[in-house]
Amino acid sequence: QVQLVESGGGLVQAGGSLRLSCAASGRTSSNRYVGWFRQILGKEREFVAAIAWSGGSTLYADSVKGRFTISRDYNQDTVYLQMNSLKPEDTAVYFCAAGTPFRIMSRNGYPYWGQGTQVTVSS
């Protein structure tokens, strides 16, 4: 089992920055990737970014490339999502997830999820 706890969400103006944290505990080493997803009420949960727990290779959705950066602190079992140049369309609940997905961008490959943290970007 893996437990994930997100933090760092909040309200920010367009153009601003936030850093989300995902603290992991449990059998983290058994999961190859940690990903960030986001969901707007009434819409499907969409992929944002992912990082390989060992090695640190990263993958981003086109909508956030160049603005968001995913990183991990291996010793602290924590994954971060640095979000810069935020836009109102980035407003969503952000979730971190852990797993060994066949398709990294698919939420179906992640069995472990945090509770989510709200990010609101005002225009």
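With the structure loaded, tell me whether SER30 is over 15 Å from the mean Cα position of the chain (by Cα) and open to solvent by 60 Å² or more (accessible area, probe 1.4 Å) or whether it fails that test. Give the derivation first.
Details: over 15 Å from the mean Cα position of the chain (by Cα): yes; open to solvent by 60 Å² or more (accessible area, probe 1.4 Å): yes.
In short, yes.
Which pairs do you get when a residue that is over 15 Å from GLN76 (Cβ atoms), found in segment 2-17, comes within reach of a residue that is assigned to a strand (DSSP E or B) and open to solvent by 60 Å² or more (accessible area, probe 1.4 Å), reach meaning Cβ atoms under 7 angstrom, with the pair 6+ apart or on two chains?
Matching pairs, first to second residue: GLY9/GLN118.
Look through segment 1-23, keep the residues that are within 13 Å of TRP113 (Cβ to Cβ), hydrophobic (A, V, I, L, M, F, W, C) and modelled with pLDDT of 95 or more, and return whichever of them is most open to solvent (accessible area, probe 1.4 Å).
Filtering segment 1-23 down to residues within 13 Å of TRP113 (Cβ to Cβ) leaves 1-6, 22.
Right, trim to hydrophobic (A, V, I, L, M, F, W, C) and you get 2, 4-5, 22.
From what's left, modelled with pLDDT of 95 or more: 4-5, 22.
Numbers: LEU4: 14, VAL5: 82, CYS22: 3 Å².
Top of the filtered list is VAL5.
Conditions (1) open to solvent by less than 70 Å² (accessible area, probe 1.4 Å); (2) farther than 17 Å from GLY9 by Cα; (3) without any contact (Cβ under 8 Å) to a residue 12 or more places away in the chain; (4) not in a loop (DSSP other than H, G, I, E, B), marked per residue:
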site: GLY35; (1), (2), (3), (4): yes, no, no, yes
site: VAL48; (1), (2), (3), (4): yes, no, no, yes
site: GLY56; (1), (2), (3), (4): yes, yes, no, no
site: VAL64; (1), (2), (3), (4): yes, no, no, no
site: SER71; (1), (2), (3), (4): yes, no, no, yes
site: TYR80; (1), (2), (3), (4): yes, no, no, yes
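Scan segment 83-104 residue by residue and report those that are surrounded by fewer than 17 Cβ atoms within 10 Å (Cβ to Cβ) and either out of contact with any helix residue (DSSP H, G or I) (no Cβ under 9 Å at 6 or more places or on another chain) or modelled with pLDDT of 95 or more (or both). Spell out the reasoning first.
Here is the first cut: in segment 83-104, the ones surrounded by fewer than 17 Cβ atoms within 10 Å (Cβ to Cβ) are 84-85, 87-89, 100, 102-103.
Hits for segment 83-104 are ASN84, SER85, LYS87, PRO88, GLU89.
Right, ARG19: within 18 Å of GLY109 (Cα to Cα) and not hydrophobic (A, V, I, L, M, F, W, C) or not?
Against the criterion (within 18 Å of GLY109 (Cα to Cα) and not hydrophobic (A, V, I, L, M, F, W, C)), ARG19 does not qualify.
The values are calculated or read from the model by the stated rules, or taken from the named source; none is laboratory data. Computed from a predicted model, the values in this text were never measured in an experiment. In this analysis, Cβ positions are derived from the backbone assuming ideal geometry, glycine residues included, and neighbour counts consider all displayed protein chains. Calculation scope for accessible area: heavy atoms of the full protein, side chains included, ligands and nucleic acids excluded. Shrake-Rupley method; radii C 1.70, N 1.55, O 1.52, S 1.80 Å.
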